[in-house]
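Below is one structure, written out as structure tokens, with a few remarks after it.
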Amino acid sequence: MVAILIGVGTGIYLWTLPEKKVENSVGMDISAAALAKEYAANEAAANTKYLNKAIKVTGVVKETEKNSEGGIMVILDTGDPMADVQCALRDKNVSPAVGQSVVIKGFCSGSGITGVSLTACVISN
Amino acid sequence: MKKLILTSCFLLAGATSIFAQKYMTRTGKISFSATAPKSPEKIEAVNNEVANILDAKTGDIVFQVLIKSFKFERELMKEHFDENYMESDKFPKSEFKGNVTDIAQVNFAKDGTYNVKVSGKLTMHGVTKDVAVPGTLTVSGKNVSAKAKFVVVLKDYGITVPALVADKLSKEATIALESTLTQK
């Protein structure tokens with residue numbers, strides 16, 4: 001009986017597992033420029049360090065882009081136009097202005113042709 | 001000196017025209033569904049962080065997607081997707097790199113929808129395969145919307161569906177691409 005209850009309990013827990021929220025993690029502090037540089041130098045090593053981890057990145061907003069569902073992507077200036085840091089915000093009602101200094105916390109999902117990506121981000125300053 | 005200035009001007013003009021033929025976005029959308037016919041729940045996910053670059057002159061097109069950025073309805077599904085199927089720690093990105101083979105028939109100066117053929121290489125889960133799919137390009141001012149839908153057999157990409165979940169997870173996934181690119 002106990003075993004069944006534990007089984008059902010575990011099942012319900014797993015079934016209703018909440019979405020991971022970045023606020024619940026401390027997050028590693030790094031500047032957008034330093035993060036871009038680390039990825040440019042060695043993507044595999046940077047992935048080992050940052051992939052799927054919470055990161056708190058500081059930088060200046062270079063531009064923003066809206067997706068088809070209204071979600072905002074914030075692109076941070078890294079000083080290198082070929083290596084941006086882009087942060088997909090979790091909430092749709094916030095959109096920082098170009099030129100604004102921000103601290104953005106999110107989960108790193110790696111690096112691609114448009115730069116280093118952070119997902120499910122929140123603005124924490 | 002005059003010559004130098006002139007050469008610089010030509011180089012600049014050249015660079016500008018090369019740039020002008022490129023369209024890009026960082027916020028394209030890829031959604032997939034791999035729900036087995038009798039499954040009580042939907043196995044599907046969306047990624048709104050897809051990078052897409054199109055060269056209007058050559059027809060070269062790239063879609064790149066980071067696997068960790070897929071969003072699921074249930075966190076548990078995401079965990080299974082990342083750990084058991086896509087192994088996203090090992091293979092963090094998927095990519096389609098190819099060419100719109102009939103790009104010449106698309107008039108980027110005229111608004112309209114054009115049916116196109118795209119062929120190239122799809123890399124997923126560390127496996128690269130040749131893929132040819134039909135799609136559409138819709139020109140609207142300085143924007144171009146790209147759309148395509150195709151089916152991939154998971155086994156072809158080294159993704160095995162255990163018998164235990166075969167009633168939920170289909171052996172094939174329908175992938176839909178949708179992005180609005182802006183001229184750069």
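The values are calculated or read from the model by the stated rules, or taken from the named source; none is laboratory data. Since the structure is predicted, the reported quantities are computational estimates derived from the model, not experimental observations. A quick note on method: Cβ atoms are made from the backbone with ideal geometry, for glycine too, and the neighbour counts reach across all protein chains shown. All accessible areas refer to the heavy atoms of the entire protein, side chains included, with ligands and DNA or RNA removed. Shrake-Rupley method; radii C 1.70, N 1.55, O 1.52, S 1.80 Å.
The residues of segment A:84-107 that are open to solvent by less than 20 Å² (accessible area, probe 1.4 Å) and in a loop (DSSP other than H, G, I, E, B), listed by number, are A:84, A:96.
In segment B:46-89, what residues are part of a loop (DSSP other than H, G, I, E, B), farther than 20 Å from residue B:149 by Cα and at the interface with chain A (Cβ under 10 Å from one of its Cβ atoms)? Within segment B:46-89, B:73, B:74, B:88, B:89 meet the criteria. Checking B:95, B:73, B:79 one by one, the residue that is open to solvent by 30 Å² or more (accessible area, probe 1.4 Å), without any contact (Cβ under 8 Å) to a residue 24 or more places away in the chain and among the charged types (D, E, K, R) is B:79 and no other.
Of the numbered criteria (1) at pLDDT below 95; (2) within 29 Å of residue B:80 (Cα to Cα); (3) of a type outside the set (D, E, K, R); (4) open to solvent by 70 Å² or more (accessible area, probe 1.4 Å), the one residue A:25 fails is (4). State whether the residues of segment B:29-45 include one that is assigned to a strand (DSSP E or B), of a type outside the set (A, V, I, L, M, F, W, C), within 12 Å of another protein chain (Cβ to nearest Cβ) and over 30 Å from residue B:103 (Cβ atoms). No: zero hits.
If you scan segment A:108-121, which residues turn out to be more than 7 Å from chain B (Cβ to nearest Cβ) and either surrounded by fewer than 24 Cβ atoms within 10 Å (Cβ to Cβ) or under 16 Å from residue B:25 (Cβ atoms) (or both)?
Taking segment A:108-121 and keeping what is more than 7 Å from chain B (Cβ to nearest Cβ), we get A:108, A:111, A:115-116, A:118, A:120-121.
Result: A:115, A:120.
Filtered by the rule that a residue be open to solvent by less than 50 Å² (accessible area, probe 1.4 Å) and touching a helix residue (DSSP H, G or I) at 6+ places or on another chain (Cβ under 9 Å), segment B:150-184 gives B:154, B:159, B:161, B:165, B:169, B:170, B:173.
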